[in-house]
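The values are calculated or read from the model by the stated rules, or taken from the named source; none is laboratory data. Remember, predicted model here, so these are calculated numbers, not experimental data. No Cβ is skipped: glycine too gets one built from the backbone with ideal geometry, and neighbour counts run over all protein chains shown. Calculation scope for accessible area: heavy atoms of the full protein, side chains included, ligands and nucleic acids excluded. Shrake-Rupley method; radii C 1.70, N 1.55, O 1.52, S 1.80 Å.
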Amino acid sequence: MAPYLILALATAALGFFLCELHPSRRNDLIFLVITGIAMFALSVPRAATVGVDYQMYLDHFHQVCEGGLPFVFSPANGYRTEIGYSLLEYVISLFGSSQVVYAVAVALVCLVLNAVFLYRYSPSVWLSIYIFISFGFFGYTLCTIRHQIAIAIFMFALPHLQNKRFVPYLLIVLLSATFHKSMLIWIPVYFLAQLALDWRTYTFYGVCLVLYFLFSEPVLSFITRYVYQQYQVGSYYMLGRDIPTAVIPTVFALVSVLMQKPLLERDSKNLPLINLALYCGCLFLMTLKHFIFQRFALVLLPVSMLLLPEINRCLAISPQQQQELNSLRKAVQAGTGSKKRYGELRAQLKDKRAMYYASIGFILFFGLLYMVWILAANRLNIVPYTLM
């Protein structure tokens, strides 16, 4: 697991000293290029054994290379209903049929999509990339490839969700569903995510969660008689995960809810993201009984790449507060200002700055803790890292 830990620690160090201490869009871009190259260098030369689903995707890619477009649209294509992914593989096949060609293309698609999104929308690019690595999203790009491309596309729907633009949100979700059809479930979530978070919504979600734990098996047994028959109760996907699986995502959801007021004061458009974080926590709790719900939870966990930096920014000294402190200092030096008010504000902002850096420390620590657990559990089979 050493390569992944080194990547996370180096990302944290570079991000703090380059982007946090010397913030600029130029430094954000430099940071994205350096970390992107590092992740690309890990993605491409890995052996087919690195990533639980990687060999399966390589086998399908070779089928596309041999069969071409006729295979893509034929019933023999297992991903014919997810035509976006099949067509992507066909385009890749035009450049060659080797594992290297496939690995290069997939790494570029996954990493570039995430980098572009975070550069445009993240309040702290370096923290977002650190979360991308430490929360396991980079690891998922090494195995659950269709799902990760679909999630990367879906992320571009979030700004439209925040701005209540249903049509572009719908179109992006439909595009993501051409890579993984399960993404269609997020269409009605557009309306749920706009709900205000108060005692009524918390009560509703709480009751739904209790009913799920009480009656999920008979309900799912009935549903899987007719559709998704491979997910019948007792099958692998219907088994439960252990408690550590849900700890960090649930903590993320709770922190997001507890920080609702400052998040909404900073930007009222954060409400849908807080809702998604809450759904993410609930879905991870649901995985304790049925593993299949983790597939949906993992679509929402990347919201942490936006919300955790937002929470961090809520604790930062605002430009107005810094300007007021500077003005008071000049007034005191000129003999016209209140030394008492200056001292009070200075102490207040000193405490706020300490809280701001403490929140960065918490994100780095719990991110690393989560990553160590993911690598130790090794459910993605990305450890040990070996070369092809």
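In table form, for the structure just shown:
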item	result
The listed residue being farther than 27 Å from G139 by Cα, open to solvent by 50 Å² or more (accessible area, probe 1.4 Å) and modelled with pLDDT of 75 or more, out of K350, K340, K330	K350
Filtered residues of the stretch 353-378 (kept if open to solvent by 80 Å² or more (accessible area, probe 1.4 Å) and within 19 Å of the chain's Cα centre (by Cα))	F362, F365, F366, L369
Criterion: among the charged types (D, E, K, R), part of a helix (DSSP H, G or I) and under 28 Å from G15 (Cα atoms) - qualifying residue of R353, R329, R341, R295	R353
Total residues in the stretch 368-388, condition in a helix (DSSP H, G or I) and either under 20 Å from R241 (Cα atoms) or touching a Cys at 6+ places or on another chain (Cβ under 9 Å) (or both)	9
All positions within the stretch 180-191 that are buried (at least 21 other Cβ atoms within 10 Å of the Cβ) and either basic (K, R) or in a loop (DSSP other than H, G, I, E, B) (or both)	H180
Residues satisfying the stated conditions in the stretch 368-388, i.e. among the hydrophobic types (A, V, I, L, M, F, W, C) and in contact with a strand residue (DSSP E or B) (Cβ under 7 Å, 6 or more places away or on another chain)	L387, M388
Options T49, T81: the member that is open to solvent by 30 Å² or more (accessible area, probe 1.4 Å), more than 18 Å from T386 (Cα to Cα), modelled with pLDDT under 95 and not aromatic (F, W, Y)	T81
S97, sole failed condition from (1) open to solvent by 40 Å² or more (accessible area, probe 1.4 Å); (2) more than 29 Å from W373 (Cα to Cα); (3) modelled with pLDDT of 95 or more	(3)
Residues satisfying the stated conditions in the stretch 271-292, i.e. assigned to a helix (DSSP H, G or I) and either under 19 Å from I243 (Cα atoms) or modelled with pLDDT under 95 (or both)	A277, L278, Y279, C280, G281, C282, L283, F284, L285, M286, F291, I292
T203, sole failed condition from (1) within 15 Å of K289 (Cβ to Cβ); (2) without any contact (Cβ under 8 Å) to a residue 24 or more places away in the chain; (3) hydroxyl-bearing (S, T, Y)	(1)
Residue that is hydrophobic (A, V, I, L, M, F, W, C), within 18 Å of T11 (Cβ to Cβ) and either out of contact with any Asp or Glu (no Cβ under 7 Å at 6 or more places or on another chain) or open to solvent by 10 Å² or more (accessible area, probe 1.4 Å) (or both), where the choices are I149, I131, I172	I131
L264 being farther than 25 Å from L368 by Cβ, open to solvent by 30 Å² or more (accessible area, probe 1.4 Å) and in a helix (DSSP H, G or I)	yes
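The rows are residues; the columns are (1) of a type outside the set (K, R); (2) open to solvent by 10 Å² or more (accessible area, probe 1.4 Å); (3) at pLDDT below 95.
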residue: F154; (1), (2), (3): yes, no, no
residue: T178; (1), (2), (3): yes, yes, no
residue: V207; (1), (2), (3): yes, yes, yes
residue: P218; (1), (2), (3): yes, yes, yes
